[in-house]
1. At a temperature of 37 °C and a viscosity of 0.692 mPa s, determine how fast the stretch 103-170 diffuses translationally according to Stokes-Einstein, using the Kirkwood radius over alpha-carbon pairs as Rh; express D in µm²/s, rounded to the nearest whole number.
2. What is the angle, in °, between the Cα long axis of helix 186-199 and the longest principal axis of the Cα atoms in the chain? Nearest 10 is fine, range 0 to 90.
3. Students often forget the sequence filter, so: which lysines lie under 22 Å Cα-Cα from LYS209 once same-chain residues fewer than 8 apart are removed?
4. Long-range amide H contacts for GLY365: which residues qualify at under 5 Å (H placed 1.01 Å from N, peptide plane, sequence gap of 5 or more or a different chain)?
5. Under 15 Å from the Cβ of ALA20, count the other residues' Cβ atoms, weight Lys and Arg +1, Asp and Glu -1, and hand me the total.
6. May I ask for the net charge around GLU305, where only other residues with Cβ less than 12 Å from the Cβ of GLU305 are counted and Lys, Arg are +1 while Asp, Glu are -1?
7. Taking only Cα atoms of the stretch 96-137, what ratio of Rg to Rh do you get with Rh as the Kirkwood inverse-distance radius?
8. On C-alpha positions alone, give me the angle between the axis of helix 124-133 and the longest principal axis of the chain, in degrees, nearest 10.
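No value in this document is a laboratory result; all are computed from the given coordinates. What you are looking at is a predicted structure, and each value in this text was computed from that prediction instead of being measured. Cβ: placed from backbone, ideal geometry, glycine included. Neighbour counts: every protein chain shown.
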Amino acid sequence: MKLPSHVDIIIIGAGAAGLAAAHELSRAGKKVCVLEARPRLGGRAWTKPLANSDAFIEYGAEFIHGTNAESWKFIQESGLRTREILRDIRIYDNGFLPADESYWPQVQNTLKALFRYAEPDIPVAEALAKARQDKISPEALDQVARLVQGYHAGDLSKMSIMSLQKIEEESNDEGSHRNFVLTYGYCALFDWLANSIHSYAGCQIIYPKAVVTKVQWERGKVLVSAHTKDGLLELSAHKLLTSIPLGVWKTATGQKGHIEFSPPLKHRDSLLAGLEMGNVLKVVFEVDLSAAHQFETCSVLSKDEFFSFWWFRKHQNKMLAIGWTGGPSAGALSKRGDDAVIATARAALEKILGVTEKTTEHPIGAAYFHDWLKDPYARGAYSYIAAGGLDAQKELAMPIDDTLYFAGEMIPPHGEPGTIHGAMASGLAAARAILTGFNSSFQS
């Protein structure tokens, strides 16, 4: 692959934020080069199609959350098909409890009660302790604690109660609770974005397996060094957009994935402390259709120590069961190794499916798992705001000297961290700021 020595903008990272930005900039006629450390597109969204089936595995991000998500713009333009996921909630506690439509309203009411302790900002764990002192139902508070650790992947001793309140308020918009999946997985959307980027005139290149190690910069000029299969790559540009995960931003010198900036961005270190990287383990199993057909339209909330949330996805000739655990328990289980993670998830699923020693035909088949905590180019699942860090996202998104720009799920412009559409929105916002900077420079 022949590369130019200079482009208008270099983008580090071909995940949702980086590709959305590259699409916007390329369409505006800018020469863009995207450098990606992995051999594939998508970042923490990774689709694996299964052979001889319409089924696919999503190792990472899976859903389109809400009807107003930024990702819909690209989905509609691409013509890709989606399907809505309609689910009831079933509760499992050593057996399935009777259907209870009041579960989510109860959770919402408990959250509202918890938010009374949101000023000044404190960790969620402290708010829960105050609520227990005020005799709020311990069972209801335990439900909320599991939700925060599971869904938000947060450590209760660190996560900001005010940020949780903000997320809940923003998620009450019309259509925000509806969920969709792409018919052929997120890879179809990223492939479409890459093909679109390459179709525009100029020098739009996405370079995989390019591990950026150093950025030298001054106002209006950057020089990026990256290791590739062809040796050392050095590329210059007027502007740089960095869209790497929070976990990689927090790496120390010498760790894999670390990028050295010269001069260093020292002021960002204190801001990065305002955000934390959440832990999630997600295991996908192939399961027998006859054993799991009753779960096709429901999700299961379990009181299992680790895998407390399950959902099922039916395809033409396969059923997939997806188990999820988040927060500190996910970090603890990850340390025991991949085999232990899969075995723990399998044991939890066996209980839900009613598998016993007397079961003659085992309904659970192949397992699929990727540990994002151990992935050097992710170092976790997605971000959340630490207590006292409410301003960190906005300040981390600010460009430096109209030369260095930033994007990613950790700094969504409209809230909703940890989502594909939040990442895309941040990439588009950064791209538009870059274009504004170019126009200002041209006019001056």
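1. Details: Rh = 11.6 Å.
D = 283 µm²/s.
2. 10
3. Straight-distance partners of LYS209: LYS2, LYS31, LYS48, LYS229, LYS239, LYS250, LYS256, LYS374.
4. Answer set, sorted by chain and number: GLU286, VAL287, ASP288.
5. Working: positive: ARG27, LYS30, ARG44, LYS73, ARG432; negative: GLU24, GLU36, GLU70, GLU77, ASP191, GLU409, GLU416.
For residues surrounding ALA20, the net value is -2.
6. Details: positive: ARG146, LYS303, LYS351; negative: ASP304.
After counting each charged neighbour, the total is +2.
7. Numbers: Rg = 12.5 Å, Rh = 11.5 Å.
Here Rg/Rh amounts to 1.09.
8. The helix 124-133 is inclined about 30 degrees to the chain.
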